[in-house]
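The next block holds one structure in the form of structure tokens; read it before the comments.
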Amino acid sequence: LARLLLETEDVIRSEELLDTCIALSPNHAPSRALWARLQHRRGRIDSAIEGLRIALRADEKYLPALCDLAVLLVETGKVEEARDYATQAVELDPAEGAAQLAMGVVLEAQGHLSFAEQCLKNATDQNPDSFQGLMALARVYQRQGRHQESLATLDRLSDEQKQIPAARFARAFSLARLGQPQPARALFEALLVEHPDPKTLLQLMDLYIQT
């Protein structure tokens, strides 16, 4: 039920249920891992990482926790440690999409783009609605200069996912590099108003100079 509530954005009710589950069973790895996802959604990265470590102390082979921790450690720049967890996940279940995603994210961070691409294709074939997977694959294509493929990957996002700032930024970035400055500039300008960010400002300034 807590997982369902989290998926439907009922964060408060989800947290209440998870707190109850953890109070009743502190060593229940799935509850700890789901609680960590909730913390991540709220932007509490350190709390999320600690929650996943607790989950793995309860069950060192709990696959969702291994995968989530690998991805979060990449976000915080701890790529070597992340690779350890991703490797454990792949060894446990090489065919699991979440394990392929975790390894793909790690390989991308290490610059092994061809291997990352294959892992992320495997992950998104299994989980075609995965925002993390599609965004990571689009990012790999961008780093390879394959912007048409990046846009095609971003087109696979749901309508709701396409409105997420990171997805809009990625689309504008590829459009700009495909020689389409007007739609790229419109996207960057809207993003800058709604979500001010130095990275967006730099991209927009570059477009102004070019055009």
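The values are calculated or read from the model by the stated rules, or taken from the named source; none is laboratory data. Given the structure is predicted, the values throughout are model-derived calculations rather than measurements. Backbone-built Cβ (ideal geometry, glycine too); neighbour counts: all protein chains shown. All accessible areas refer to the heavy atoms of the entire protein, side chains included, with ligands and DNA or RNA removed. Shrake-Rupley method; radii C 1.70, N 1.55, O 1.52, S 1.80 Å.
Run down L134, L202, L191 and say which single residue is outside any loop (DSSP other than H, G, I, E, B), touching a Lys or Arg at 6+ places or on another chain (Cβ under 8 Å), aliphatic (A, V, I, L, M) and farther than 19 Å from V74 by Cβ.
On the way: L134 fails: farther than 19 Å from V74 by Cβ; L202 fails: touching a Lys or Arg at 6+ places or on another chain (Cβ under 8 Å).
After applying the criteria, what remains is L191.
With respect to D206, is the statement that it is under 29 Å from L107 (Cα atoms) and open to solvent by 30 Å² or more (accessible area, probe 1.4 Å) true?
No: the conditions fail for D206.
Just to be sure before I move on: is T76 at pLDDT 95 or above, within 15 Å of G104 (Cα to Cα) and of a type outside the set (D, E, K, R) in the structure I sent?
Criteria not met by T76.
Does the range 68-93 hold any residues that are surrounded by fewer than 16 Cβ atoms within 10 Å (Cβ to Cβ) and either at positive phi or basic (K, R) (or both), and which are they?
G77
Can you tell me which residue in the range 94-124 is least open to solvent (accessible area, probe 1.4 Å), limited to those that are of a type outside the set (A, V, I, L, M) and more than 26 Å from R177 (Cβ to Cβ)?
Filtering the range 94-124 down to residues of a type outside the set (A, V, I, L, M) leaves 94, 96-97, 100, 104, 108, 110-112, 114-115, 117-119, 121-122, 124.
With the extra rule that they be more than 26 Å from R177 (Cβ to Cβ), the set shrinks to 94, 96-97, 100, 122.
Working: P94: 78, E96: 59, G97: 1, Q100: 23, N122: 55 Å².
Ranking the candidates gives G97 first.
Return the pair list, or none, for Cβ contacts closer than 8 Å from residues in the range 76-98 that are more than 21 Å from A48 (Cα to Cα) and touching a residue at least 60 places away in the same chain (Cβ under 8 Å) to residues that are crowded, with 19+ Cβ neighbours inside 10 Å and among the small types (G, A, S), at least 6 apart or on different chains.
none
Looking at the range 22-31, can you tell me whether even one residue there is within 17 Å of the chain's Cα centre (by Cα) and surrounded by 20 or more Cβ atoms within 10 Å (Cβ to Cβ)?
There is no residue in the range 22-31 that is within 17 Å of the chain's Cα centre (by Cα) and surrounded by 20 or more Cβ atoms within 10 Å (Cβ to Cβ).
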